[in-house]
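Here the structure comes first, spelled out in structure tokens, and everything after it is commentary.
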Amino acid sequence: MSSVRVLVGTRKGAFVLEADGKRNEWKVDGPFFAGWEIYHVNASPADPNRLYASQTSGWFGQQVQRSDDGGKTWNPVGNAFTYEGAVGTHQWYDGTPRPWEFKRVWHFEPSGSDPDVVYAGVEDASLFRSADGGKTWCELPALRNHGTGASWQPGAGGMCLHTILFDPNDERRIFVAISAAGAFRSDDAGASWRPINRGLVSQYIPEPDAEVGHCVHRLAMHPSRPNVLFMQKHWDVMRTDDGGEQWREISGNLPTDFGFAIDVHAHEPDTVYVVPIKSDSEHFPLDGRLRVYRSRSGGDEWEALENGLPQRDCYVNVLRDAMAVDELDACGIYFGTTGGQVYASADSGESWKAIVRDLPAVLSVEVQTLP
Amino acid sequence: MIRVVLPAHLRALARVDGELSLEVGDAATQSTVLDALEARYPVLQGAIRDRVSKRRRPFVRFFACERDLSHESPDAPLPSRVVAGEEPFLIVGAIAGG
């Protein structure tokens, strides 16, 4: 019987939640790396026992932890993230130039075919790659140096590269997103990049339709349609059907189109999930009601999913990397909150229940579907 | 031998219990102690000081003999009681955050 393993990164450690395919009874392991911020834990699609965790601390910096047994045991691997060549500058919050400086890994995206190949999205925004299971890391500097890097500015959470998506048909085609620079695409394994932000409109920048400067919070893709991307921008939910050449807004009837997380149903490429958040100055759900919104039409038309979610006095946030889907039938949807709850739906969002309620603030959620 | 005390998070990272003893030769300084520490426990590279510049991380402090040595030159000799093994060299996580 299939099972699922949910990998949870929190402000104070990592947790591994496991259940069989019914997804009713959960076993909770952790905290791993107790007391450290775990920005992300992710698994290799090529070897489900191979996991990578980003362990960070304002005191002691960055560690990369690797598990080769599905999260039971962990060992530190390489933590040297050195920018290639002349470091250069980006813009600071006040518009002054500031040298690029490594701060932390926000996101790991392992290769679909080789468990030793893994990409890291980091703050200050750049993309690194390891081909030896995380022991050594090399920057793909063409992203930072493609031409607009000097104009990038950090979002409120830092200038982070938080999303990495591969075209499953051709892993040389890579999509990344950076707060607050925008989305970028490489068609040659990271050797060259270009911004893919046409159609985005952001009123919080001087030129609302500028080539870069957009605070993209998250991108999502269904593997069967790698040219269709969904985006939760700072404000606005967006969609492209041509690999980012042109975006259009699909916020439709959402009660607010601010938010962080977005994901796609495992078996229905046009079924999309978001968690609307009240505003950029009030990072919690509208009216104290935690509701996931689902579109079954690829956007524009959205329905509220609230069965089992708190519908009063709920003022948590759901961060950009804190939503994931499993591949079972029916598709399971998972998200974590800054209040420490991890909610799961085993029926594509119709009903929800909390797997755990009292973890530290959840930074990231990933799900593995195991045979 | 230089006695070194790590903060709890770094003891967990290096998988050590209690106090450490490090052989650093005749010239015991912050730099030589940290060189010896990182050589024995490579996982601590970058956790106490920057890998490249060797500058102390901002929220890490060095104490010994009831003195804060954090702002002393990394190449200054450590206090004689630390060199003699009578007092430990304390690596401390600053009180900050929540």
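No value in this document is a laboratory result; all are computed from the given coordinates. Remember, it's a predicted structure, so these values are computed and weren't measured experimentally. In this analysis, Cβ positions are derived from the backbone assuming ideal geometry, glycine residues included, and neighbour counts consider all displayed protein chains.
The helix-based estimate of mean residue ellipticity at 222 nm for chain B, built from -39,500 (n - 2.57) per DSSP H run of four or more residues and divided by its residue count, is -6000 deg cm²/dmol to the nearest 500. Only one residue of B:Gly25, B:Gln45, B:Gly85 has its Cα farthest out toward the positive end of the dipole of the range B:2-93, where Lys and Arg carry +1 and Asp and Glu -1 on Cβ, and that residue is B:Gln45. For the peptide A:58-70, the mean number of other protein chain Cβ atoms found within 10 angstrom of a residue's Cβ is 4. In this structure, the residue pairs whose Cα-Cα separation is over 26 Å, taken from A:Lys72/A:Lys135; A:Lys72/B:Lys54; A:Lys27/A:Lys103, are A:Lys72/B:Lys54; A:Lys27/A:Lys103.
Taking Cα pairs under 8 Å and at least six residues apart, what relative contact order does chain A come out at, in percent? Mind dumping the intermediate values first?
Values: 1105 pairs, mean separation 46.0, N = 371.
Normalised by residue count, the contact order of chain A is 12 percent.
Summing Cβ point charges (Lys, Arg +1; Asp, Glu -1) relative to the Cα centre of chain B gives a dipole of roughly 440 debye. Within the shell of other residues whose beta carbon sits under 12 angstrom from the beta carbon of A:Arg66, the net charge comes to -3, with Lys and Arg scored +1 and Asp and Glu -1. With one equal scatterer per alpha carbon and no solvent term, the Debye-computed log10 I(q)/I(0) for the range A:221-313 at 0.11, 0.18 1/Å reads -0.30, -0.76. Using only the Cα atoms of chain A, each taken as one equal point scatterer with no solvent, compute I(q) by the Debye sum, divide by I(0), and report log10 of the ratio at q = 0.07, 0.09, 0.11, 0.12 Å⁻¹. With no solvent term, the Cα-only Debye profile gives -0.26, -0.45, -0.69, -0.84. Principal axis analysis of the Cα atoms in the range B:2-93 yields extents of 29, 28, 24 Å, listed in decreasing size.
Straight-line cross-link reach from A:Lys22 at under 20 Å between alpha-carbon atoms covers these lysines, not counting any fewer than eight positions away in the same chain: A:Lys353. Computed over all pairs of different Cα atoms, the Kirkwood value for the hydrodynamic radius of the range A:18-136 is 15.6 Å. Taken about its Cα centre, the protein assembly as shown carries a charge dipole of about 940 debye when Lys and Arg each add +1 at the Cβ and Asp and Glu each add -1 at the Cβ. Once the chain from A:Thr73 to A:Glu245 is taken as fully extended at 0.36 nm per residue, the excess over their C-alpha distance is 57.6 nm.
Under conditions of 10 °C and 1.306 mPa s, the range A:77-231 yields 102 µm² s⁻¹ as its translational diffusion coefficient, taking Rh as the Kirkwood radius over Cα pairs in the Stokes-Einstein equation. Ignoring aspartates and glutamates fewer than eight residues from A:Lys12 along the same chain, the ones with Cα atoms less than 18 angstrom from its Cα are A:Asp29, A:Glu37, A:Asp321, A:Asp358, A:Glu366.
Specify the inter-centroid distance of the range B:22-98 and the range A:270-312, based on alpha-carbon positions, in whole Å. Computed from Cα coordinates, the inter-centre distance equals 50 Å.
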